[in-house]
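Input: a single structure, listed below in structure tokens.
The values are calculated or read from the model by the stated rules, or taken from the named source; none is laboratory data. As the structure is a computational prediction, the values presented were derived from the model and not from experiment. Every residue, glycine as well, gets a Cβ built from its backbone with ideal geometry; the counts of neighbours run over all protein chains shown. Ligands, DNA and RNA are stripped out before the accessible areas are found, and what is left, the full protein with its side chains, is counted by its heavy atoms. Shrake-Rupley method; radii C 1.70, N 1.55, O 1.52, S 1.80 Å.
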Amino acid sequence: NPYTGLVSRLRAAWLSGKTRPMEYRVAQLEALGRFLDEKKQDILDVLASDMRKPPFEAEFCEILLCKNELNDTLNKLGTWMKDEHVEKNLATQLDSAFIHKDPYGVVLILTPWYCPIHIVLMPLIGAIAAGNCVIVKPSEITKNTERLVAEVLPCYLDNDCFAVVTAGVEETTKLLENKFDYIFFTGIPSVGRIVMTAAAKHLTPVTLELGGKNPCYVSDSCEVQNVARRVAWGRFFNAGQTCVAPDYILCSVEMQEKLLPALHEAITEFYGPNPQESPDFARIVGDKQFQRVQALLSSGRMAIGGQTDEQERYIAPTVLVDVQPSDPVMQEKIFGPILPIITVASVDEAINLINTHERPLVVYVFSSDKKVMNQVLEWTSSGDFCGNDTLMHVTLTSLPFGGIGNSGLGKYHGKFTFDTFTHLRSCLHRNMALETINTLRYPPYSPQKLGLVRLASEVKRQGTCTLL
């Protein structure tokens with residue numbers, strides 16, 4: 001196996017204890033910060049080259065959010081690393097019971113193409129903070145970004161403990177044959193199953209960030225113009241190539257009639273009368289992806305957009321109506337600038353339709369009625385939930401981000417990333433004195449001993465007191 005030596009080298013570095021001191025972790029995290037600062041223009045350039053990502057979107061998503069994650073981690077790392085003392089029963093009152101924060105060891109991070117810097121650095125920050133050695137495998141689809149990560153990022157990190165591997169499907173399969181202590185994968189469910197199968201051979205724990213078809217219910221009680229702007233921004237950000245984009249709208253026929261002109265107005269406001277000429281609208285990342293997304297335009301009827309240019313890999317911001325749940329655009333994650341609208345008669349019908357699909361990464365709801373908002377929250381299941389906006393929940397390091405079921409397994413962002421790459425080790429340090437008390441649990445047993453042991457160790461349910 002071509003990667004056995006690399007994995008063994010990083011494992012030796014981890015076993016040496018090099019990554020454990022807080023000072024070492026801080027130094028490597030600060031080096032990531034220098035990478036983002038010093039190579040900012042290079043990052044913007046490769047993202048523009050790979051998918052013509054607008055500088056604003058690139059700087060916001062790929063740099064600012066990563067810097068926020070990094071600074072939040074540096075600000076709180078000392079607290080996160082501390083042993084966490086826990087409650088004790090009567091029998092252990094003189095002892096020390098705590099949770100020790102151990103790194104897993106050598107971890108593998110496999111990343112996709114749609115936010116190729118963001119999704120490399122966000123888990124990497126937590127893996128370093130937790131004291132692990134790390135191998136990162138960036139996507140080969142965004143070739144220029146892959147080259148930058150492979151050639152430049154190692155110049156900032158300790159190469160004894162961190163490595164970048166460039167690999168296609170065949171090489172990644174070989175990489176997964178090695179024993180890792182944790183695997184973090186972001187991508188699609190079909191590949192997630194392959195990763196999980198490979199991890200199972202070594203009983204390796206995994207985090208899977210898999211995305212899904214994120215529904216967006218728009219109730220009749222809302223500000224239509226605001227809804228249109230927020231949905232259009234979330235759907236067409238990076239030409240729809242994000243895992244958290246609203247994938248389809250559910251609304252009444254009456255709301256659709258109001259929403260269509262508002263969406264058209266928002267698209268024109270954002271990208272001008274011809275979005276192909278806008279510097280703020282990205283392109284589809286590759287020819288294969290372009291052909292897949294273009295084929296989805298056959299669903300329903302085009303109400304807005306629909307223009308394409310294969311040579312530029314351009315697909316206009318598009319809104320589809322008269323879409324049926326059985327149409328091709330509703331059978332897979334879109335990952336492109338297409339927004340289908342499905343009409344429903346009520347919020348109950350919308351909830352039922354959402355629940356017929358696999359559980360999504362995020363459910364969006366727009367409504368000025370809190371009862372409607374809470375009804376969708378309570379009766380649907382998703383990794384995340386966002387009311388009256390799109391994408392913005394991802395900007396908070398205080399919220400865990402991740403899927404459920406078909407949309408993923410595990411959480412990260414902020415402390416949740418640190419916890420993901422940390423083994424919570426249960427520890428009890430007992431007092432060696434007062435051995436007479438311990439004799440109560442030793443044979444020969446007796447009913448009296450059992451009663452005293454129960455008294456010392458039993459957890460009772462707290463009662464309620466009623467004042468008469």
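From Cα pairs below 8 angstrom and at least 6 apart in sequence, can you work out the relative contact order of the chain, rounded to a whole percent? Could you put the intermediate results ahead of the total?
Working: 879 pairs, mean separation 86.7, N = 468.
In percent, rounded to a whole number, it is 19.
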Whole number please: convex hull volume per residue of the Cα set in the chain, in Å³? 202
With angles folded into 0 to 90 degrees, how steeply does helix 22-38 sit against the dominant principal axis of the chain? Use alpha carbons for both and round to 10. 10
For segment 304-357, state which GluC sites (Glu not before Pro) are in a DSSP loop and have at most 16 other beta carbons lying within 10 Å of their beta carbon. GLU310, GLU312, GLU332
Size of electric dipole in segment 262-308: Cβ of Lys, Arg +1 and of Asp, Glu -1, about Cα centre, debye, nearest 20: 340
Of ALA295, VAL319, VAL244, whose Cα points farthest to the positive end of the dipole of segment 215-406 (charges on the beta-carbon: +1 Lys, Arg; -1 Asp, Glu; origin at the Cα centre)? VAL244
Where the accessible area of the chain is counted over protein heavy atoms with a 1.4 Å probe, how much of it, in %, is carbon and sulfur? 55
If a/c stays under 1.5 just call it rounded; otherwise compare a/b with b/c (prolate if a/b is bigger, oblate if not). Do that for segment 345-468, with a ≥ b ≥ c from the square roots of the Cα gyration tensor eigenvalues. prolate
Compute, for the chain, the length of the dipole vector about the Cα centre, with Cβ point charges of +1 (Lys, Arg) and -1 (Asp, Glu) only. Units Debye, rounded to 20. 1960
Which percent, to the nearest 5, of DSSP beta bridges fully inside segment 215-321 are antiparallel? 60
Using a 1.4 Å probe and ignoring any ligands, DNA or RNA, find the accessible area of SER49 and quote it in Å² to the nearest 10. 70
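If you take the square roots of the eigenvalues of the alpha-carbon gyration tensor of segment 1-82 and sort them as a ≥ b ≥ c, do you get rounded (a/c under 1.5), prolate (a/b over b/c) or oblate?
Oblate, since a/c reaches 1.5 and b/c is not below a/b.
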When N counts the residues of segment 215-406, how does its alpha-carbon radius of gyration compare numerically with 2.2 N^0.38 Å, as a ratio? 0.96
Would you list the P(r) distribution for segment 1-147, with all Cα-Cα distances sorted into 10 Å bins from 0 and each bin expressed as a whole %? 10, 33, 30, 18, 6, 3, 0
Run the numbers on segment 307-443 and let me know its relative contact order in percent, using alpha-carbon pairs under 8 Å that are six or more apart. 15
With an 8 Å cut-off on Cα pairs and a minimum separation of 6 or more residues, tell me the relative contact order of segment 215-406 in percent. 27
If you take every DSSP beta bridge fully contained in the chain, what fraction is antiparallel? Give it as a percent rounded to 5. 35
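Might you report the magnitude of the Cβ-based charge dipole of segment 215-406 about its Cα centre, with Lys and Arg at +1 and Asp and Glu at -1, to the nearest 20 debye?
It comes to approximately 340 debye.
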Furthest towards positive pole of dipole, ILE194, VAL453, ILE267, structure part the chain, Cβ charges: VAL453
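Largest first and in whole Å, what are the equivalent-ellipsoid semi-axes of segment 222-335 based on the Cα gyration tensor, each being the root of 5 times an eigenvalue? Kindly include the intermediate steps, with their values, before the conclusion.
Details: eigenvalues 89, 62, 29 Å².
Each semi-axis is √(5λ); the values are 21, 18, 12 Å.
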C-alpha long axis of helix 253-271 to longest principal axis of the chain, angle in °: 90
At a Cα cut-off below 25 Å, give the lysines reachable from LYS174, other chains included and same-chain residues fewer than 8 away excluded. LYS137, LYS143, LYS201, LYS288
Using a probe radius of 1.4 Å on heavy atoms only, what accessible surface per residue do you get for the chain? Whole Å² is fine. 46
